[in-house]
Structure formats: C-alpha cells, structure tokens
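Data block below; observations after.
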Amino acid sequence: MFKFTEEQIMIRDMVREFTKNEVEPRDKWMDENGFDWEVHKKLCEAGLMGIHLPEQYGGGGGDAVMSEIVINEIAKGSASVALFLDADWLAADMIYVHGSEEQKNRYLPLAAEGKIFAFGLTESNAGSDAAAIKSVAVKQPDGSYVLNGGKAWITNSGVADYYLIMAKTDPEAGAKGISVFIVPKDAEGLTVGKFEHKMGMCGSATCELSFDNIKLPADALVGKEGAGFKIAMMALDGARISIGAIASGLAQHAMEVAKNYANERVTFGKPIAKYQGVAFKFADMAAKIRAIDLMVWDTAQMKSEGQRHTVEAAMLKLMSSKWCCEICDECIQVLGGNGYSREFHVERFYRDAKLLEIGEGTSEIQRMVISGAVLAK
Ligand code: CAA
C-alpha cells in the first residue's frame, strides 16, 4: 500500500492550493487563447518548474513520486498546464540522466529557473515508428554536426527555449543510428511553424519545427552517438507515468463538476444523484480513479528506486487514458445538454482527455509493449 510522507503531503497541499488559485481559473482562457505566459510566470515564482531536479542544480530535489504529485495536482486545475510540465520535464530530464557534468551545470539551473524545454522525436512521417525518423545530423571533420530535417507535434514548441532533438547520425543503422542534440530556440536555421489548431489541450503549445543546415557544436550531443533511441524510450517510460498522473487529475476534476451538478440538479422531484442510474456512474468513476492512482504511485516509486518500468508505465498509460476518456464522457452524460455546453467545462475535459490516448505513444503502441513482454518466452 502506498503512503505519502509528511513532506509529500505538504507539497501536495501547497500545489493543490496553487492550482485552485492560479491554474484552474485560467484553464478556460487557455482553451480559447492558447499557452498562458502568466501561468508560466506563477509556476516559476512558486519554484515548481524545477521541483523534479536536484538541489545542486537549483531544483527542488523531488523524486519521481514528488514530481507526479505535482503533475497530478496541477491536472486537477488544467490538463494543459500539467502536459506542459510533463513535456518540459521529459526533455530536461534527458540532460539530467544522460548529459555530461558540463551540460548539467549549464542547462539544469536554467530549467530550474523556468527556461522551457521540449522533446523532439516525432516527425510528420514517423510517430509510432520512432526509429524511422528522417532528420539527420552529419558529423563534420571538426566534431561539430549539421542538422537537417524537421519535427511535428512537438509539445512546448513555439514557447520552448531549448529543444532536445532526436536525429539520425547513422541513417543505415536503424534504431542504433539515432542521437540526441540540444538545439537552442535561436539556432540559425531553426524555423518554428504556426501553432496547431487542436481538439483539446489548447493551453499547451504544439508546432512543427524545420531544420535547415543548423550548425551544432560537438557538445550539443547528449549521451553517446547512436544511443538516442534508447535515451528517448527511457525518457518516455518516465513521461508515461505523468500521463497517468494527468489522467487521474483530469478525471477527478470532471467528476467534481459532475458530482456538484448531480447533487443540485432536480428531476421528478429529487436530485439526479439519488437515481441509481446516475449514482452508479460515480461508483465506476471513483473505482477507476483509485486504480489509476495506485498504478501512478507504484510506477513512480519504481522509477524513484531506479527500477526499469517500461511495461508498468505502458500498462498505466493504456488504462488511465482509456478510463479518463470514459469518465469525462460519463460526466458529460450526467450534465446532459449542459454537459455539451462550453459553459459547464466538462466538454473541454473530454477534448483534453483524448490526447492522453495518443500522445507519448498511442494506446496501440502501449499494447505492443505490454503484449511483447507478456508473450515473451
Ligand atoms: N528502455 C530502454 N531500451 C529500450 C526501450 C526502453 N523503454 N524500448 C526499446 N529499447 C531498446 C531495445 O531494447 C532495443 O535495444 P537492442 O537493439 O540493444 O536490443 C532498441 O531499443 C530497439 O527497440 P525495439 O526493437 O523494440 O524498437 P522498435 O523500433 O520495434 O520500437 C516501440 C519499439 C516501442 C514501438 C517504439 O518505437 C515506441 O515506443 N514508439 C512510440 C514512440 C512514441 O511514444 N512517440 C511519441 C513521442 S511524443 C512526442 O514526440 C511529442 C512530445 O512533444 C512529447
């Protein structure tokens, strides 16, 4: 059974309060207007941008459990802001886990103070089949690289200060020919496309990137040349826990709205919460949320202890995203016609939830990972 420490409870309560005051009131605005720099400023002021990084780099010293507590609480006010943090941490953590000491000293204090990072793997023709990316970084005689190609669907693009870009350094070597590079937003030859007009998660920025002969110094390489695919997969294993934490927070937010509505809305002389047909929906929702939570804390604990958690994170992402979509759908149903209206919020939660079944590896990819492990001899 998972039990939070006193420190974790303290941080949880602080972030819960922060979310209520600074994040939730902006969620509808972000849905209509996109990324909110005011919320970013507040996250920096509260010291939350770097809570996942060690204190020696200016961070808050939180482990994976602490990080997921923060993501989970933020998602109770805005799934978009939680997704923004997830993508930022996914990218910055690649430097923390695989970077040189010099890279850590240079970039992690910037991440802790609020500079934004983005993870660039997906391309317009290579999403699920990540090893099929076409972006290429050609090594020069002086050890530097020249990067060409492009990326699509990159969370935090357009607002990021640094991009962690996966590119082929040996196009003939498949997954073993991919490397990771740090590309600053002002690199000559980097073009950021227009913001995608998305179904949901509108408060998180998403653009295309194109690379035209970007010159990268030798020390832009993170980890060993050719290790980029594994570095990216390991990073995604961690980020998929965050998708579970977002799913739980978003589902709880939706259920709260639906619960208040069901207790107040009267039909045929009594609140609709008194009808078993409505009440049982809440039983199913609450049970699913508890199951998600237990998987989130258990998998985060595995990550904190340095255990490999590829399959557990895939299971968590698969089920939490599915249940979150189901819960948001049921919450719309509880609100009836009002649920379909933008005024009552739950339709936005439903649109946000759908991304969880797609981003950071579709549900089908999670099933490939899980079934591969289950059926292995
Ligand atoms: N941890 C460590 N190593 C791993 C690993 C993991 N989780 N997953 C794979 N590897 C290793 C394998 O062990 C193998 O190593 P060896 O050759 O030494 O044995 C190597 O990587 C290649 O593995 P596979 O043969 O399994 O690779 P594959 O090409 O068959 O792909 C896949 C496997 C699981 C389907 C993978 O392609 C995948 O996860 N695809 C989905 C990618 C994804 O999630 N994309 C979304 C990115 S999100 C984004 O870009 C947007 C954003 O802003 C966040």
If the convex hull of the alpha-carbon atoms of segment 56-150 is projected onto planes in all directions, what is the mean projected area in square nanometres? 8.1
Keeping all protein chains in place, calculate the accessible area per residue for segment 1-122 (probe 1.4 angstrom), answer in Å². 41
Find the Rg to Rh ratio for segment 34-92, where Rh is the Kirkwood radius over alpha-carbon pairs and Rg uses the same atoms. 0.94
Counting other Cβ atoms within 10 Å, which GluC sites (Glu not before Pro) in segment 168-248 have at most 12 and lie in a DSSP loop? Glu172, Glu188
The answer for the per residue Cα convex hull volume of segment 256-377, in Å³, is 117
Which values, in whole Å and largest first, are the semi-axes of the equivalent ellipsoid of segment 1-45 obtained as the square root of 5 times each eigenvalue of the Cα gyration tensor? 27, 11, 8
Determine, at each q value in 0.26, 0.27 (inverse angstroms), the log₁₀ of I(q)/I(0) that the Debye formula gives when each Cα of segment 289-328 is one equal point scatterer. -0.82, -0.86
Dipole moment magnitude, nearest 20 debye, the chain about Cα centre, only Lys, Arg, Asp, Glu C-beta charged: 920
Percent relative contact order of segment 66-130, based on C-alpha pairs within less than 8 angstrom and at least six residues apart? 28
Could you pull the Cα extents of segment 192-350 along its three principal axes, largest to smallest, in whole Å? 73, 40, 16
Cα extents of segment 238-292 per principal axis, largest first, Å, are 49, 16, 10
Loop-only trypsin sites (Lys or Arg not before Pro) in segment 286-375, please: DSSP not H, G, I, E or B, and at most 15 other Cβ atoms within 10 Å. Arg308
Let me know the shape class of segment 153-270, please: from the alpha-carbon gyration tensor, a ≥ b ≥ c as square roots of the eigenvalues, rounded when a/c is under 1.5, otherwise prolate if a/b is greater than b/c, or oblate. prolate
With +1 on the Cβ of every Lys and Arg and -1 on the Cβ of every Asp and Glu, and nothing else charged, how large is the dipole of segment 1-157 about its Cα centre, in debye rounded to the nearest 20? 340
How big is the dipole moment of segment 283-377 about its Cα centre under a simple scheme where the beta carbon of each Lys and Arg is +1, that of each Asp and Glu is -1, and everything else is neutral? Debye, nearest 20, please. 280
Along the Cα→Cβ direction, 7 angstrom out, place labels at Met10 and Thr310. What is the inter-label distance in nm? 3.9
So for the chain, averaging the separation of alpha carbon pairs under 8 Å that are six or more residues apart and normalising by length, what relative contact order in percent results? 17
Counting only Cα atoms, I'd like the Rg/Rh figure for segment 214-267, Kirkwood definition for Rh. 1.44
Out of the DSSP beta bridges found with both residues in the chain, what percent are antiparallel (nearest 5)? 80
Which chymotrypsin sites (Phe, Trp or Tyr not before Pro) in segment 251-350 pass both tests, a DSSP loop state and at most 14 other beta-carbon atoms within 10 Å? Phe268, Tyr275
Assuming R0 = 22 Å, can you tell me the calculated FRET efficiency for the pair Arg106 and Lys41, based on Cβ-Cβ distance, to the nearest 0.05? 0.40
Can you find, among Gly200, Leu318, Gly244, the residue farthest towards the positive end of the dipole of the chain? Put +1 on the C-beta of Lys and Arg, -1 on that of Asp and Glu. Leu318
Determine the equivalent ellipsoid of segment 256-327 by diagonalising the alpha-carbon gyration tensor, then write out the semi-axes as square roots of 5 times the eigenvalues, largest first, rounded to whole Å. 35, 10, 8
Between 0 and 90°, nearest 10: helix 228-264 axis offset from the chain longest Cα axis: 20
Please say if segment 159-211 is rounded, prolate or oblate, where rounded means a/c under 1.5 for a ≥ b ≥ c the square roots of the C-alpha gyration tensor eigenvalues, and otherwise the choice is prolate for a/b larger than b/c and oblate otherwise? prolate
Just need the Rg to Rh number for the chain, please, alpha carbons only, Kirkwood Rh. 0.99
Order of exposure, largest accessible area first, which applies to Ser210, Ser80 with probe 1.4 Å: Ser210, Ser80
Using only Cα atoms and rounding to the nearest 10 degrees, what angle (0 to 90) does helix 6-18 make with the longest principal axis of the chain? 80
Would you mind counting up the charge near Phe119? Only other residues with Cβ under 10 Å from its Cβ, with Lys and Arg at +1 and Asp and Glu at -1. -3
Farthest towards the positive end of the dipole of the chain, among Asn260, Phe229, Thr299 and with Cβ unit charges of +1 on Lys and Arg and -1 on Asp and Glu, lies the Cα of Asn260
Need the full-extension length gain, Asp170 to Asp284, defined as separation in residues times 0.36 nm minus the C-alpha distance. One decimal, nm. 36.1 nm
Measuring with a 1.4 Å probe in the full set of protein chains, what accessible area per residue, in whole Å², belongs to segment 204-252? 32
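The values are calculated or read from the model by the stated rules, or taken from the named source; none is laboratory data. Source: prediction; values computed, not measured. Here the Cβ is made from the backbone with ideal geometry for all residues, glycine too, and neighbour counts use every protein chain on show. Remember, those area values only see protein heavy atoms, side chains included, never the ligands or the DNA or RNA. Shrake-Rupley method; radii C 1.70, N 1.55, O 1.52, S 1.80 Å.
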